[in-house]
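Following: one structure in structure tokens, then a few remarks.
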Amino acid sequence: MGNVIFMTGTGTEIGKTVVTSIAALALERLGMSVSVFKPVQTGLAEDGVSFAEQDWYERVAKLPAVEGMYYMEPAMSPHLAAALTGTSIEPERIAERLERLKQRYDVVLVEGAGGLAVPWCERDGRWYMTGDFVRDYRLPAVLVSLSSLGAIHHAVTTAAYADAKGIRLLGLAFNRFQEQDIIDRNNVDMIAALVQLPVLAVVPLLPAVTREELERLAEQWIRQGEAKRWLEVLGVGV
Ligand SMILES: Nc1ncnc2c1ncn2[C@@H]1O[C@H](COP(=O)(O)OP(=O)(O)OP(=O)(O)O)[C@@H](O)[C@H]1O
Ligand SMILES: C[C@H](N)[C@H](N)CCCCCC(=O)O
Ligand SMILES: [Mg+2]
């Protein structure tokens, strides 16, 4: 039975997909079979035809096992994209697919659309949020955060939201890190201290996000121990 990590972030465009890709490559290199599952996808790629996330995972990251379920063209919040496309997002179906993936893979990385406080569908007269799914199916999560000015508030409020929902955060992954900036260096330590979570990865701001860069970072994670730490927080021995 495989392990699941829900990859969430302090919002959209934070780097969940990039960090998930590096984690997938690193865990595969440690001998794990890894599936990436992004059940709710909104927005098209630049070709105007492919779905942005699926396309990126397959064309740029070149990951072998990437799945989605609800693909919606409008680059919007899932609840609005669903309304505009007549799509009925059903959390139970997503959970069933996830169960099947857990049977087949050692690790399933599930990426959310945007952050945790993102509505999917209406249930019992209220909005069912991404965070409700993570809580209902007891998925441990990694929080992807920027390290630049403004990241403290976004990370602390996201962690507070996760705590209020009873979601278990495994740790932090910082993205677009700029070593030369005192704000970035201080934010990594300050945010980790404020939310009392381990730092599982720090991904630098890259000149270009290519498969080669992702592989280089995955190898670095293995050499520096980040990849092993991901498995340790999951309770998976290597
Ligand atoms: N470290 C980085 N260096 C340079 N560009 C980056 C970096 N991380 C992400 N990007 C770019 O920033 C954009 C947003 O990143 P990404 O798609 O991973 O965000 P996301 O959190 O997955 O967004 P969404 O909420 O849409 O899923 C992408 O174009 C990506 O290639
Ligand atoms: C379109 C975007 N890239 C993501 N797929 C969806 C982001 C939803 C964000 C909702 C919100 O926080 O307002
Ligand atoms: Mg993404």
*asked:* Looking at the structure I just gave you, is Q41 within 13 Å of ligand 2 (Cβ to nearest atom) and open to solvent by 20 Å² or more (accessible area, probe 1.4 Å)?
replied: no
*Among residues of the stretch 186-222, those that are in contact (Cβ under 8 Å) with a residue 24 or more places away in the chain and either open to solvent by less than 20 Å² (accessible area, probe 1.4 Å) or over 18 Å from I22 (Cβ atoms) (or both), counted*: 14
*asked:* Take L84 and tell me if it is within 14 Å of ligand 2 (Cβ to nearest atom), farther than 25 Å from A227 by Cβ and not small (G, A, S).
replied: yes
*Number of positions in the stretch 166-182 that are surrounded by fewer than 17 Cβ atoms within 10 Å (Cβ to Cβ) and either in contact (Cβ under 8 Å) with a residue 24 or more places away in the chain or not in a loop (DSSP other than H, G, I, E, B) (or both)*: 6
*asked:* Here are the criteria: (1) closer than 28 Å to I222 by Cα; (2) in contact with a helix residue (DSSP H, G or I) (Cβ under 7 Å, 6 or more places away or on another chain). Tell me which single one T42 does not satisfy.
replied: (1)
_What's the total number of residues in the stretch 72-129 that are open to solvent by less than 70 Å² (accessible area, probe 1.4 Å), of a type in the set (D, E) and either in contact with a Lys or Arg (Cβ under 7 Å, 6 or more places away or on another chain) or within 16 Å of ligand 1 (Cβ to nearest atom) (or both)?_
1
*So R185 fits all but one of (1) in a helix (DSSP H, G or I); (2) of a type in the set (K, R); (3) closer than 17 Å to L143 by Cβ; what number is the exception?*
(3)
*Which is within 16 Å of ligand 3 (Cβ to nearest atom), touching a residue at least 40 places away in the same chain (Cβ under 8 Å) and open to solvent by less than 60 Å² (accessible area, probe 1.4 Å), of M7, M69?*
M7
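The values are calculated or read from the model by the stated rules, or taken from the named source; none is laboratory data. Every value quoted in this text rests on a predicted model; they were computed, and no experiment measured them. Methodologically, a virtual Cβ is constructed for each residue, glycine included, from the backbone with ideal geometry; neighbour enumeration extends over all protein chains shown. Please note that ligands, DNA and RNA were not included when accessible areas were found on the heavy atoms of the full protein model with its side chains. Shrake-Rupley method; radii C 1.70, N 1.55, O 1.52, S 1.80 Å.
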